[in-house]
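One structure below.
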Amino acid sequence: MDWLNTAINRFSETLTDTFLSIEIWRIIVAGAILIITFAVRKILVNSVLLLMKKITAKSKQTLDDELVNAVDPPARLLIFTAGLFFAVRVLGFEVTDESFLKHIIRSLIIYSVFWAIYRAAGIISRMFEKFTKKTQSALDDLLAPFVNKGIKAIVVIVSISVIAKEWKYDLGALLTGLGLGGLAFALAAQETLANLFGGLAIMLDKPFNVGDYIQCEGLEGTVEDIGFRSTRIRTPDQTLVTVPNSSIAKAQVTNCSRRNKRRVKFNLPVKYGTTAEQMEKLIKRVREMLTNHPDVHSDSVYVYLDGFGTDAYELLIIFFTKTTNYQEYLAIKEDVNLKLMYLMDEMGIEVAIPATSVYLENR
């Protein structure tokens, strides 16, 4: 058994050896604590969350389920921070109130708490959105994105302030002491303030809401989000364009979604050689066709012989569709055009084709 005693003695001596001035046994124990921490974090958090999800599943509300999911990642970070604290203590490092490691651990705890609050802020905004859907006012619908981002912005600012205070930094005194740098910062913030006030102007004037199709400064598309600084617009080719609110507030905005009908206007070229009687009958039948069309406003049909063009009689046709949906609008235009073709074929009238006459002179 001498070999066993020798092995034990050598192992004991190895444990008391040092690596980077830290005893080997302390490194082993600290590593074991971290491994146990990861295991406990996985088992404990999963078990607690599973139990909480079973409890919240019995209620009809979904907000409690969202709250459980919101605190999941911060809770895991908090458990890891606790394991890190004990591992550092085992390694022999001083964790006093003024030590660097204590500031690190406290900062992680503060970050975990505010991270949970930040994730829970989304639940508050969704509660507000559900409330706004029950009201008829469009103002609160525009206000909903601002409430969501406002709460999160406050949480971020407070968390940064608390963590800075943990590291003995006074943000107020720091900003006050910037002097000329503070002035430069204020000048640089002018654009941000302009965008913020532009966003407030959009909210108050309500030129458009999220989901509206607008045209602005050569840009058109569907509004996807109205933020503090900018508005995001999805163009017809599915490109997402971010426009500063200050630019939109000063620009002329056309809200296509708020029109209750869409206009169709075109000139129908009728071939020269068509008699006055044929033209009169054609105009009458086109008016009747458009007036009786189920998808056309009957009180706004205009069909007139507009003039004598270079190659044909110009028949002006104007009408308004009852729908504003673009695809349905195109379908109505197509139906009207086909009816015009059948009508002209029936009457033996031809559409004029632009032509050029060339005269050759013999000398």
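The values are calculated or read from the model by the stated rules, or taken from the named source; none is laboratory data. Bear in mind that the values here come from a model prediction, so they are computed numbers and not experimental data. With ideal geometry, Cβ positions are generated from the backbone for all residues, glycine too; neighbour counts draw on all protein chains shown.
With the condition kept exactly as written, say whether any residue in the range 56-70 is under 19 Å from I109 (Cβ atoms) and at pLDDT below 75.
Step one: filter the range 56-70 for residues under 19 Å from I109 (Cβ atoms), giving 70.
Those left that are additionally at pLDDT below 75: 70.
Yes, the range 56-70 has at least one match.
Might you let me know whether the range 281-296 holds any residue that is touching a helix residue (DSSP H, G or I) at 6+ places or on another chain (Cβ under 7 Å) and part of a strand (DSSP E or B)?
yes
When T192 is evaluated against the numbered criteria (1) modelled with pLDDT under 70; (2) more than 21 Å from V241 (Cβ to Cβ); (3) of a type in the set (S, T, Y), which criterion, by number, is the only one it fails?
(2)
Buried (at least 17 other Cβ atoms within 10 Å of the Cβ), under 36 Å from the mean Cα position of the chain (by Cα) and farther than 21 Å from Q327 by Cα: does that describe T231?
Numbers: buried (at least 17 other Cβ atoms within 10 Å of the Cβ): yes; under 36 Å from the mean Cα position of the chain (by Cα): yes; farther than 21 Å from Q327 by Cα: yes.
Yes; evaluated as a whole, the condition is true for this residue.
Anything in the range 297-342 that is in a strand (DSSP E or B) and within 13 Å of K265 (Cα to Cα)? List them, or say none. Quick ask: steps written out before the conclusion?
Kept after step one, since they are in a strand (DSSP E or B), are these residues of the range 297-342: 302-308, 312-321.
Scanning the range 297-342 gives Y302, V303, Y304, D306, E314, L315, L316, I317, I318, F319, F320, T321.
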